[in-house]
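Okay, so here's the structure we're looking at.
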Amino acid sequence: MTDTIKPARVPMPEWTDEELRTLVDFRRRNGRRWKSKLLDLYLFGKDDSEPNGAALRWIRNRRGPSRVDALTKATLDEAEKRFADCPNRETSA
């Protein structure tokens, strides 16, 4: 009988404010189907041609498209509200 070792799951770090700001802005500009639009841009390598393209590419490389796809509406809604209440980037943490 062979013992199998399951790899340890390493939790993903929380989204940073800068990442959330980038995604909130993208959602605001692209509407209800923002996620499918962004995932298509990722698939075809066109994300860097968008406004904040470097930040979108950073998110893709750091988090991966599946993590973006798993991001909930509630998470972005909460971030958007928090940023609206405190628009200064340095004080939104």
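The values are calculated or read from the model by the stated rules, or taken from the named source; none is laboratory data. Owing to the predicted nature of the structure, the values given are computational and were not obtained by experimental measurement. With ideal geometry, Cβ positions are generated from the backbone for all residues, glycine too; neighbour counts draw on all protein chains shown.
Working only within the stretch 43-62, note down all residues that are part of a helix (DSSP H, G or I) and more than 22 Å from residue 82 (Cα to Cα).
Those that are part of a helix (DSSP H, G or I) and more than 22 Å from residue 82 (Cα to Cα): 43, 44, 47, 48, 49, 53, 54, 57, 58, 60, 61, 62.
When residue 30 is evaluated against the numbered criteria (1) closer than 23 Å to residue 84 by Cα; (2) crowded, with 18+ Cβ neighbours inside 10 Å; (3) out of contact with any Phe, Trp or Tyr (no Cβ under 9 Å at 6 or more places or on another chain), which criterion, by number, is the only one it fails?
Here residue 30 meets the rest and fails (2).
Being within 24 Å of residue 86 (Cα to Cα), assigned to a loop (DSSP other than H, G, I, E, B) and among the acidic types (Asp, Glu): is that true of residue 19 here?
No.
I need a count of the residues in the stretch 55-83 that are surrounded by 12 or more Cβ atoms within 10 Å (Cβ to Cβ), free of Cβ contacts under 8 Å to residues at least 60 places away in the same chain and farther than 12 Å from residue 35 by Cβ.
13
Hey, among 40, 3, which residue is modelled with pLDDT under 95 and either more than 10 Å from the chain's Cα centre (by Cα) or assigned to a helix (DSSP H, G or I) (or both)?
The unique qualifying residue is 3.
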